[in-house]
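Bear in mind that the values in this text are calculations on the coordinates, not laboratory data. For clarity, every value in this text was computed on a predicted model and none was experimentally measured. Using ideal geometry, Cβ is built from the backbone for each residue, glycine included, and neighbour counts are taken over all protein chains shown.
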């Protein structure tokens, strides 16, 4: 669904009367009774109705302008891990079930803008009577619209996945609008913000129309150790002073189990060590790397012996830690 302001050809600053006039003009131009052999006009008519349902209604217009609903009037759902559609109510949120006719237009009236059927009565006169559904408007027009197949509403979902899910088997669990739970395959190389379309898994269509889709937008659940940069992972590895000076083998976590990382003697804080293939899956079939940054940690409490050693070291073996650019 396109932006409803663009559909009706009005700016976002348009008044209620501007919106109503634009709807009247377009509804008359594209009404199915005047375009019986033009399927594109019928599709355009449904789009016009849907746009007026959003910005012809004061409350819905405000919600749309604030970004709380999309161009089809659907709330923006969020799903977290295995919780699926945490806020989904198929009877509250299914516009095709409540509040819409088959064409996508409002069943009743848009507050402040005039009822949809009332406007059709005003601008189309007796077109509905020719369809045999009523004396002069809404009943006949409604009957004509109700027989048209309409696609079901799609559902947008934000799904948080763990880095372990991405690295282990590339699957995450999603609950569909039908209530069914499925394990969705996440393609290798998926990045945060990528969208996966589950075709035909949204709201059911009307009058034999196809079901809508579920569009899943991927978000990475924050990890307590790893930071994601592309397909690479970054990890800060704390070291004692003596491990950095003397060298050591340090147990280092990865997404598929810990490894013993060899720390060379004389390692400085900030040194980066690379564990190849220990990152996230890539689109080409391989894996990114795990970049380990050494972080030297001093004792948590003061130590007289360490102080004495450092003072002697400073006198006997001084060395520069900063370059001339710091002068």
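Structure summary
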read-out: Sorted by Cβ neighbour density within 10 Å, fewest at the top, the residues 231, 268; value: 268, 231
read-out: Approximate spin-label separation residue 44-residue 315, in nm, with each point projected 7 Å along Cα-to-Cβ; value: 9.3 nm
read-out: For the range 148-199, the fraction of alpha-carbon pairs in successive 5 Å shells from zero, as %; value: 4, 16, 28, 23, 13, 8, 4, 2, 1, 0
read-out: Residue 21/residue 298 FRET efficiency (R0 56 Å; Cβ-Cβ; nearest 0.05); value: 0.15
read-out: The range 218-327: projected area of the alpha-carbon convex hull, averaged over directions, in nm²; value: 10.4 nm²
read-out: Residue 178 paired with residue 66, simple spin-label distance in nm, labels 7 Å along Cα-to-beta-carbon; value: 3.5 nm
read-out: Orientation-averaged projected area, Cα convex hull of the range 215-283 (nm²); value: 5.7 nm²
read-out: Listed peptides 237-243, 287-293 by packing density, highest first (mean Cβ within 10 Å); value: 287-293, 237-243
read-out: Full-stretch length increase - residue 327, residue 215 - with 0.36 nm per residue and alpha-carbon distance subtracted; value: 34.8 nm
read-out: Theoretical FRET efficiency, 1/(1+(r/R0)^6), r = Cβ-Cβ of residue 265 and residue 171, R0 30 Å, to 0.05; value: 0.10
read-out: Separation of the residue 195 and residue 224 label points, Cα + 7 Å toward Cβ, nm; value: 3.5 nm
